[in-house]
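The values are calculated or read from the model by the stated rules, or taken from the named source; none is laboratory data. Source: prediction; values computed, not measured. Every residue, glycine as well, gets a Cβ built from its backbone with ideal geometry; the counts of neighbours run over all protein chains shown. All accessible areas refer to the heavy atoms of the entire protein, side chains included, with ligands and DNA or RNA removed. Shrake-Rupley method; radii C 1.70, N 1.55, O 1.52, S 1.80 Å.
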Amino acid sequence: AVRHLGFRPNPVARGLAGGRTMSIGVVTQTMSSPFYGEALNGIEHELAGVGYIPLFVSGMWSEAGERHALDALMARRVDGVIVLVDASAALEQARDPLLADSLQRQLRAADLVVLNKTDLIDAEECKRVREWAAALSGNPPLFETSQAEVPLALLGAATLPAAHQHDDPGCDHAQHGH
């Protein structure tokens, strides 16, 4: 009867009933970069494989844009927030007073940080970027990708739902910035 009537489950209703929306927010500075595009495609593909839908937003290098993007994700009750960082440019951008605040705000909101384009920097620079991102983000899981390849382990069902599980059941994630 369900198939005959063309019934399709309502993801919003399922989210309300089960406490999960099966959606993940993905924050980047811009979606126009071909490097981000490849990484976003990889994230979308891997999330689909574990039953999640990505909601892509761009901070547009502005505080107002980021706040709007993060507020939109939280209003949709995403199950986690992935922040995509360009490892090859992160430290240079962090020294720019116009960009540093944007990067800090986004990293503080992250439940998962993806350092993209690690293949374009040497091991010492990668270590510095990793330490910088960890210090600003409060140490959520951090994954490195090269050539915009997103490993399945990055987006596995065990990784993202765990982002919202803490020892403190009263945690409302306010300390994460979202």
Could you list, ordered by first residue, the pairs with Cβ atoms under 7 Å in which the first is in region 111-139 and open to solvent by less than 10 Å² (accessible area, probe 1.4 Å) and the second is of a type in the set (Asp, Glu), at least 6 apart or interchain? Leu115/Glu144; Asn116/Asp86
So for region 154-175 (the condition being among the polar types (S, T, N, Q), part of a helix (DSSP H, G or I), open to solvent by 10 Å² or more (accessible area, probe 1.4 Å) and at pLDDT 85 or above), does at least one residue qualify? no
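Just to be sure, is Leu99 farther than 20 Å from Leu40 by Cα, open to solvent by less than 60 Å² (accessible area, probe 1.4 Å) and not charged (D, E, K, R)?
Values: farther than 20 Å from Leu40 by Cα: yes; open to solvent by less than 60 Å² (accessible area, probe 1.4 Å): yes; not charged (D, E, K, R): yes.
Answer is yes for this residue.
Looking at Val85, is it in contact (Cβ under 8 Å) with a residue 40 or more places away in the chain and open to solvent by less than 20 Å² (accessible area, probe 1.4 Å)?
Details: in contact (Cβ under 8 Å) with a residue 40 or more places away in the chain: yes; open to solvent by less than 20 Å² (accessible area, probe 1.4 Å): yes.
Judged against the criteria, Val85 is a match.
Please specify each residue of region 92-110 satisfying the condition of being touching a residue at least 24 places away in the same chain (Cβ under 8 Å) and within 12 Å of Leu136 (Cα to Cα).
Applying the first criterion (touching a residue at least 24 places away in the same chain (Cβ under 8 Å)) to region 92-110 yields 94, 98-99, 101-110.
Scanning region 92-110 gives Ala94, Asp101, Ser102, Leu103, Gln104, Arg105, Gln106, Leu107, Arg108, Ala109, Ala110.
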Which residues, counting only those in region 46-82, are farther than 13 Å from Ser102 by Cβ, in contact (Cβ under 8 Å) with a residue 12 or more places away in the chain and not hydrophobic (A, V, I, L, M, F, W, C)? Glu46, Gly49, Gly51, Tyr52, Pro54, Arg76, Arg77, Asp79, Gly80
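Go through region 11-26 and give me each residue that's among the basic types (Lys, Arg) and modelled with pLDDT under 60.
Result: Arg14, single match.
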Run Arg108 past the list (1) more than 20 Å from Thr30 (Cβ to Cβ); (2) open to solvent by 20 Å² or more (accessible area, probe 1.4 Å) and report the number of the one that doesn't hold. (1)
Within region 89-112, how many residues are at pLDDT 90 or above and in a strand (DSSP E or B)? 0
Only one of (1) at pLDDT 80 or above; (2) closer than 30 Å to Ser146 by Cβ fails for Pro34. Which number is that? (1)
Quick one: in region 46-82, of everything that is open to solvent by less than 20 Å² (accessible area, probe 1.4 Å) and in contact with a Lys or Arg (Cβ under 7 Å, 6 or more places away or on another chain), which residue is nearest to Pro141 (Cα to Cα)? Asp79
